[in-house]
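Asker: Okay, handing you the structure first.
Readers should treat all values here as calculations from the given coordinates under stated rules, not as data from a laboratory. It should be emphasised that the depicted structure is a prediction, and the values quoted were computed from it without experimental measurement. Counting neighbours? That spans all protein chains shown, and the Cβs are built from the backbone with ideal geometry, glycine included.
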Amino acid sequence: MSLVTTLTYALPHRYLSSLARRLAYSQNPRTRRWLIDTVVRKFGVDLSEAANADPASYASFNAFFTRALREGARVPDPDPRTLLMPADGHISQCGPIEAGRIFQAKGQSFTVAELLGDAADAAPFLDGSFATVYLSPRDYHRVHMPWTGTLRETVHVPGRLFSVGTAAVAKVPRLFARNERLVCHFDTDFGPMVQVMVGALLVSGVETVWSGEEIPAYGDRIQRKDYRGQGITLQRFEEMARFNYGSTVVVLLPRGVAELDPSLRPESPVRLGQALARRTTG
């Protein structure tokens with residue numbers, strides 16, 4: 001076992017993530033400035049795209065990290081048949097779901113049922129398509145809607161908090177199906193669509209626009225929330241949720257409704273609003 005793999009398993013994930021959470025929400029001026037300045041310098045954060053470009057004005061590191069973009073910094077693909085990239089970042093993997101399995105890295109895959117935490121929920125996607133988008137610390141950390149959808153249900157699946165960096169993805173089997181995650185089910189005009197917000201090492205929380213903080217508010221059991229009848233409809237390109245540190249979002253589409261954009265390749269950089277897929281029906 002390599003050193004990277006050994007450390008990945010051995011690190012106290014919960015403790016480190018809890019510590020990161022306390023630091024992220026600290027309003028101590030010295031702590032806040034140090035964290036923000038370090039991330040801007042180390043990762044090359046482009047604050048010219050932010051609605052508030054002054055790093056000293058943020059009340060906490062988390063407020064800085066979940067910053068809004070200035071108007072016009074991202075625009076949706078003009079083709080109305082295009083499903084949009086939900087976030088800035090880079091493609092970890094994308095492609096068809098084959099025999100109910102999602103490709104993670106060379107020699108690594110996991111089932112849709114494992115990812116969603118339920119075999120019945122997985123059924124519409126067993127031969128569909130997926131895109132896994134990694135958000136690095138330098139990226140904009142709000143996740144938006146690829147297509148207009150009405151929220152049906154969320155499923156909080158407890159799990160580990162492995163790093164979702166490239167080295168860990170290559171070494172840890174079924175990583176995205178083992179980390180803590182929030183599965184968001186939407187009904188659209190083409191059928192079901194899922195966005196999975198995957199937690200990770202140092203990710204101190206996930207917040208949704210309809211419910212606020214979702215992770216780590218729950219315990220150790222799978223918990224479902226039924227939103228049917230509440231009329232929570234989010235429009236194409238509208239904000240859906242945000243990570244309180246870098247992580248990964250996985251988009252699942254059923255078979256035959258859209259074709260992934262042919263320009264998408266593993267490790268290719270992507271921006272919110274560019275083409276994710278194009279409708280082939282409807």
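Asker: In nm, to one decimal, how far is the modelled label at ARG279 from the one at THR166, with both set 7 Å along Cα→Cβ?
Answerer: 3.6
Asker: Next question. Given a Förster radius of 35 Å and the C-beta distance between GLN230 and ALA51 as r, what FRET efficiency does 1/(1 + (r/R0)^6) yield to the nearest 0.05? Mind showing how you got there, number by number?
Answerer: Working: r = 29 Å, r/R0 = 0.83.
Between GLN230 and ALA51 the formula returns 0.75.
Asker: Between ASP220 and ARG271, what length comes free when the chain is fully extended (0.36 nm per residue of separation minus the Cα-Cα distance, one decimal in nm)?
Answerer: Details: separation 51, 0.36 × 51 = 18.36 nm, distance 3.38 nm.
Stretched out fully, the ASP220 to ARG271 stretch lengthens by 15.0 nm.
Asker: Hey, with R₀ at 22 Å, roughly what FRET efficiency would GLU259 and GLU239 work out to, going by the Cβ-Cβ distance, to 0.05?
Answerer: That pair, GLU259 with GLU239, gives E of 0.30.
Asker: Another question, then. How much net charge surrounds ARG178 when only other residues with a Cβ under 13 Å from its Cβ are counted (Lys, Arg +1; Asp, Glu -1)?
Answerer: Details: positive: ARG160, LYS171, ARG174, ARG181; negative: GLU114, GLU180.
Taking every other residue near ARG178 into account, the sum is +2.
Asker: While we're here: Taking a ≥ b ≥ c as the square roots of the Cα gyration tensor eigenvalues, with a/c under 1.5 meaning rounded and otherwise prolate when a/b beats b/c, else oblate, which class fits the range 148-266?
Answerer: oblate
Asker: Which cross-chain or sequence-distant (5 or more) residues have an amide H under 5 Å from the amide H of ASP127, H modelled 1.01 Å from N in plane?
Answerer: HN-HN under 5 Å from ASP127: ARG255.
Asker: Consider all pairwise Cα distances in the range 125-173 and report the whole-number % of them above 11 Å.
Answerer: On the way: 977 of 1176 pairs.
Result: 83 percent of Cα pairs exceed 11 Å.
Asker: When the chain is fully extended, how far beyond the present Cα-Cα distance does ALA120 get from ARG41, taking 0.36 nm per residue of separation? Let's see the in-between values first.
Answerer: Numbers: separation 79, 0.36 × 79 = 28.44 nm, distance 4.58 nm.
The ALA120-ARG41 span can extend by a further 23.9 nm.
Asker: As an exercise, find the ratio Rg/Rh for the chain from alpha-carbon atoms, using the Kirkwood inverse-distance average for Rh. Walk me through the intermediate numbers first.
Answerer: Details: Rg = 18.0 Å, Rh = 19.1 Å.
That ratio equals 0.94.
Asker: Is the shape of the range 21-72 rounded, prolate or oblate, going by the alpha carbon gyration tensor and its root eigenvalues a ≥ b ≥ c, with a/c under 1.5 for rounded and a/b larger than b/c for prolate? Kindly include the intermediate steps, with their values, before the conclusion.
Answerer: Values: a/c = 2.10, a/b = 1.55, b/c = 1.35.
Prolate, since a/c reaches 1.5 and a/b exceeds b/c.
Asker: Based on the alpha-carbon gyration tensor of the range 33-103 and its eigenvalue square roots a ≥ b ≥ c, which shape applies: rounded if a/c is under 1.5, prolate if not and a/b is larger than b/c, or oblate?
Answerer: Here the range 33-103 falls in the oblate category.
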